[in-house]
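Reviewing the structure listed below.
The values are calculated or read from the model by the stated rules, or taken from the named source; none is laboratory data. Everything numeric here is computed off the predicted structure, so don't read it as measured data. When we count neighbours, we look across all protein chains shown, and the Cβ atoms used for this are built from the backbone with ideal geometry, even at glycine. Ligands, DNA and RNA are stripped out before the accessible areas are found, and what is left, the full protein with its side chains, is counted by its heavy atoms. Shrake-Rupley method; radii C 1.70, N 1.55, O 1.52, S 1.80 Å.
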Amino acid sequence: MKIVVRIVQFLFAAVFIFSGLAKCVDPAGTSIKVTEYLQYFGFGMLTDLSMGIAWLLCIVEFICGVNILLGHARHLTLVVSTLLLLLFTPLTLWLALTDAISECGCFGDAVHLTNWQTFGKNLILIVMLALLWTKSELMYRLMGRTFYVFYSYCALGLAVWLCWMGSWREPFIDFRPFTPGTNLKEAVMGEGQEQTTDSDSEWVCIYQRNGVRQEFSLDSLPDEAEGWEFVETIERHADGKVSDDRSKAEPKHIDFFVKTADGEVITDELLSRPGYTLLLLSHSLDKASQHDIDRIELLSEYAGDNDYGFLCLTARDEKQLERWKFNTGAEYPFVFTDASIIETMCRSNPAVMLLRDGVICWKTPLSRLDAEGLTSGKLNEQTSGDIEEINYHNRILLVLFLLFAPFFLFLLVEIVQFLHKQTLINNSKKMRKKIVAGNWKMNTTLQEGIALAEGLKEALAGKKVNCDVVVCTPFISVASVVKAVEGSVIGVGAEDCSAHEKGAYTGEVAANMIASTGAKYVILGHSERRQYHGENNELLVAKLQQALANGLTPIFCVGEVKEERVNGTYKEVIEGQMEALYTLSAEDFAKCVVAYEPVWAIGTGLTATSEQAEEVHAFIRASIAKKYDAAVADNTSILYGGSCKGSNAPELFAQPDIDGGLIGGAALKVDTFMPIIEAWK
Ligand code: PGA
């Protein structure tokens with residue numbers, strides 16, 4: 001199930017990211033669609049807000065996609081995505097049933113879907129969303145929260161930048177057919193063909209009004225002012241059939257025609273004109289900015305002086321035309337086409353397009369045109385008369401790069417940080433003492449103990465030992481074992497000491513007695529003493545003080561019982577046991593060794609996994625750092641104990657916070673103890 005949820009999560013995210021970006025690169029195109037919707041549903045008075053709504057829509061969609069991809073802010077994102085789909089799915093069903101608007105524009109101009117296809121796509125998205133809602137806890141969370149915050153800002157920046165580029169200039173990535181370099185003549189006619197491709201067919205334009213479509217021949221196109229909206233141009237054959245294989249007949253067909261005020265179609269004439277033609281484009285003269293009239297004047301004068309064509313191509317609306325002529329004093333010729341064609345040619349209003357022999361050289365919003373620079377020399381003598389080179393493939397790559405670069409940047413930072421931390425850990429681990437200590441417990445007679453110690457001494461003789469080796473023996477053996485290992489690397493310790501200095505404590509052994517044998521270590525707080533002799537923190541503090549006062553190194557044991565591991569309280573338990581050590585000054589604490597021995601692993605054959613052990617060791621070290629400081633924590637040796645053997649010691653000792661072992665059963669034979677010592681390579 002998890003895998004299904006994650007596949008759905010990434011697919012859903014990919015669709016939202018793609019459709020968000022496809023619209024972000026061309027917010028003007030999205031705003032045209034928004035205007036169509038608003039007008040169709042009777043909210044014409046809101047059309048001034050279309051651009052703002054377009055920005056909001058595409059940015060929200062894109063950010064929803066990003067959030068779903070990263071698996072963060074799940075609830076809010078799922079709510080917003082659901083609202084979007086609940087709004088647009090019924091809308092697209094309505095469009096599919098009525099064909100009121102020819103295309104929903106959900107992928108901008110990047111991918112064209114019919115209304116039914118869009119509806120189908122939305123249904124699939126709803127099913128996907130339902131799954132994400134019910135199983136949101138299974139969604140993958142890509143990287144941590146810091147990355148999410150960082151990436152959200154990067155993604156928002158990318159979306160806003162694309163919208164900004166597309167709003168004040170032409171779309172950053174242009175999926176429409178009127179890009180610089182396009183041979184309009186070939187594209188309109190079909191390569192090497194006339195507009196009428198066979199003598200028995202004719203080109204007709206499809207218009208729609210109130211959801212009703214109608215065909216018009218090119219010389220009797222309807223008036224847009226009467227509510228007709230251009231849909232497309234098609235080739236109708238004598239037998240009534242429409243060219244259905246348009247891609248073959250017209251490889252780059254573009255719906256484009258131009259008429260004079262008398263209704264005469266002059267597309268061919270305009271596009272066949274040799275040399276340069278400047279087109280001033282305005283899909284709506286009333287909405288065109290009149291601030292740049294001076295530039296238009298310059299251009300038209302320049303065109304007249306140099307015998308270049310200069311035409312204003314606009315949508316036919318007599319009233320608007322009269323107002324424009326009156327306000328601007330325009331004397332240049334006006335030609336007409338459909339407003340939607342002009343909007344497809346140039347998003348800005350007004351815009352200027354330069355044609356050379358029917359090929360688009362460049363197009364630009366009039367406000368960004370350097371008219372003086374352009375007209376100070378002849379067009380064909382300067383670069384501004386050349387075809388502008390815009391590499392859309394590179395721009396697509398740039399957007400993809402900006403989309404994915406933060407991932408790699410963050411990953412790089414994470415890797416560097418990880419390596420840095422690892423180096424610090426390794427360095428501090430290198431500085432700490434490594435110890436393998438045996439705890440013989442209540443095993444071995446005096447003679448057996450001496451023999452075991454001598455055997456170990458012999459096994460270690462002449463060997464390079466990479467850790468301190470300690471054996472902690474029953475009291476009865478301590479003095480003899482000290483003697484037996486003389487001249488070797490082996491240190492000796494006891495398994496306990498009295499909490500009292502001396503006196504009437506029958507059966508007890510004082511720390512100074514242990515020290516008097518030459519022993520250097522003492523195990524304190526072993527779980528068996530805690531369990532069978534009721535040792536608690538208060539008693540252990542007294543024992544610690546005795547040990548330290550007599551120059552012994554305490555190996556202080558902590559560890560949880562099985563129940564505490566299962567119910568998850570083990571860290572608090574260990575922290576509580578450490579409190580006995582925390583009564584010491586930093587200086588005294590530095591003389592101690594800590595041993596973590598999970599009680600459930602002692603003598604049971606159950607070892608804590610290296611991850612479980614490392615987790616607690618790191619926790620203990622962090623706790624020491626909190627109590628004292630990082631330097632004290634870095635210098636404290638923390639041993640692991642509990643079914644440690646030659647087979648698992650290398651993996652345990654390789655952990656960053658494990659500095660050796662306290663070994664019970666395996667310390668009773670030289671053959672089983674040696675491999676653990678040798679685990680320190
Ligand atoms: P074990 O004992 O190695 O036999 O599990 C360890 C200890 O109690 O110190």
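Count of segment 645-681 residues, restricted to those that are more than 41 Å from the chain's Cα centre (by Cα), open to solvent by less than 10 Å² (accessible area, probe 1.4 Å) and more than 19 Å from residue 494 (Cα to Cα), is 2.
Just to be sure before I move on: is residue 603 touching a Cys at 6+ places or on another chain (Cβ under 8 Å), within 16 Å of the ligand (Cβ to nearest atom) and over 18 Å from residue 543 (Cβ atoms) in the structure I sent? Lay out the reasoning, then the answer.
Details: touching a Cys at 6+ places or on another chain (Cβ under 8 Å): no; within 16 Å of the ligand (Cβ to nearest atom): yes; over 18 Å from residue 543 (Cβ atoms): yes.
Here the answer is no, as residue 603 does not meet what is asked.
When each of 651, 597, 615 is tested for being away from the ligand (no atom under 16 Å from the Cβ) and charged (D, E, K, R), the lone residue that passes is 615. Selection of segment 608-630 for residues being among the acidic types (Asp, Glu) and under 31 Å from the mean Cα position of the chain (by Cα) yields 611, 614, 615. Report, by residue number, each residue of segment 654-666 that is within 6 Å of the ligand (Cβ to nearest atom) and within 21 Å of residue 619 (Cα to Cα). If the condition is that a residue be within 6 Å of the ligand (Cβ to nearest atom) and within 21 Å of residue 619 (Cα to Cα), then 662 is the only one that fits.
Here residue 425 passes the criteria (1) in contact with a helix residue (DSSP H, G or I) (Cβ under 7 Å, 6 or more places away or on another chain); (2) within 25 Å of residue 656 (Cα to Cα) except the one numbered (1). Scanning segment 579-620 for residues that are in a loop (DSSP other than H, G, I, E, B), closer than 17 Å to residue 568 by Cβ and of a type outside the set (A, V, I, L, M) yields 598, 609. Looking across segment 623-644, just one residue is within 16 Å of the ligand (Cβ to nearest atom) and either acidic (Asp, Glu) or more than 23 Å from residue 492 (Cβ to Cβ) (or both), and that is 643.
In this structure, residue 619 does satisfy being touching a Lys or Arg at 6+ places or on another chain (Cβ under 8 Å) and at pLDDT 95 or above.
Only residues that are without any contact (Cβ under 8 Å) to a residue 40 or more places away in the chain and not hydroxyl-bearing (Ser, Thr, Tyr) were counted in segment 601-623, giving 9.
Among the residues of segment 24-38, the one identified as open to solvent by 20 Å² or more (accessible area, probe 1.4 Å) and either modelled with pLDDT of 90 or more or in contact with a Cys (Cβ under 8 Å, 6 or more places away or on another chain) (or both) is 33.
Among what's in segment 625-643 and is in contact with a strand residue (DSSP E or B) (Cβ under 8 Å, 6 or more places away or on another chain) and outside any loop (DSSP other than H, G, I, E, B), pick the residue that is surrounded by the fewest Cβ atoms within 10 Å (Cβ to Cβ). I'd like the intermediate steps shown before the answer.
Looking only at segment 625-643, we keep the residues that are in contact with a strand residue (DSSP E or B) (Cβ under 8 Å, 6 or more places away or on another chain), and these are 636-641.
Those left that are additionally outside any loop (DSSP other than H, G, I, E, B): 638-640.
Details: 638: 23, 639: 27, 640: 32.
The qualifying residue surrounded by the fewest Cβ atoms within 10 Å (Cβ to Cβ) is 638.
Does residue 573 satisfy being open to solvent by 10 Å² or more (accessible area, probe 1.4 Å), within 40 Å of the chain's Cα centre (by Cα), farther than 27 Å from residue 440 by Cα and away from the ligand (no atom under 15 Å from the Cβ)? Considered against the rule, which asks whether it is open to solvent by 10 Å² or more (accessible area, probe 1.4 Å), within 40 Å of the chain's Cα centre (by Cα), farther than 27 Å from residue 440 by Cα and away from the ligand (no atom under 15 Å from the Cβ), residue 573 comes out as no.
When you look at residue 150, is it part of a loop (DSSP other than H, G, I, E, B) and modelled with pLDDT under 90, yes or no? Before the answer, list the steps.
Details: part of a loop (DSSP other than H, G, I, E, B): no; modelled with pLDDT under 90: yes.
Judged against the criteria, residue 150 is not a match.
What are the residues in segment 434-487 that are charged (D, E, K, R), more than 15 Å from residue 670 (Cα to Cα) and in a helix (DSSP H, G or I), if any?
Filtering segment 434-487 for residues charged (D, E, K, R) gives 434, 441, 448, 454, 457-458, 463-464, 468, 483, 486.
Next, only the ones that are more than 15 Å from residue 670 (Cα to Cα) stay: 434, 441, 464, 468, 483, 486.
483, the sole residue that qualifies.
Remark: pairs (first residue in segment 652-681, outside any helix (DSSP H, G or I); second residue more than 12 Å from the ligand (Cβ to nearest atom) and among the hydroxyl-bearing types (Ser, Thr, Tyr); Cβ separation under 6 Å; 6+ apart in sequence or on different chains) = 655/610; 659/637. Checking each residue in segment 160-188 for being touching a His at 6+ places or on another chain (Cβ under 9 Å) and at pLDDT below 80 picks out 187, 188.
If you go through segment 274-291 and keep only what is at pLDDT below 85 and crowded, with 18+ Cβ neighbours inside 10 Å, you end up with just 288. Inside segment 543-558, residues that are more than 13 Å from the ligand (Cβ to nearest atom) and surrounded by 17 or more Cβ atoms within 10 Å (Cβ to Cβ) make up a count of 10. For segment 415-435, filtered to residues that are closer than 30 Å to residue 673 by Cα and open to solvent by 80 Å² or more (accessible area, probe 1.4 Å), the residue that is nearest to the chain's Cα centre (by Cα) is 430.
Residue count for segment 385-414 satisfying the condition of being closer than 30 Å to residue 357 by Cα, in contact (Cβ under 8 Å) with a residue 24 or more places away in the chain and open to solvent by less than 90 Å² (accessible area, probe 1.4 Å): 8. Every condition in (1) part of a loop (DSSP other than H, G, I, E, B); (2) open to solvent by less than 30 Å² (accessible area, probe 1.4 Å); (3) farther than 25 Å from residue 228 by Cβ holds for residue 111 except the one numbered (2).
For every residue, the table says whether it meets (1) within 16 Å of the ligand (Cβ to nearest atom); (2) at pLDDT below 95; (3) open to solvent by 50 Å² or more (accessible area, probe 1.4 Å).
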| site | (1), (2), (3) |
| --- | --- |
| 437 | yes, no, no |
| 443 | yes, no, yes |
| 463 | no, yes, yes |
| 475 | no, no, yes |
| 478 | no, no, no |
| 486 | no, no, yes |
| 517 | no, no, no |
| 522 | yes, no, no |
| 532 | yes, no, yes |
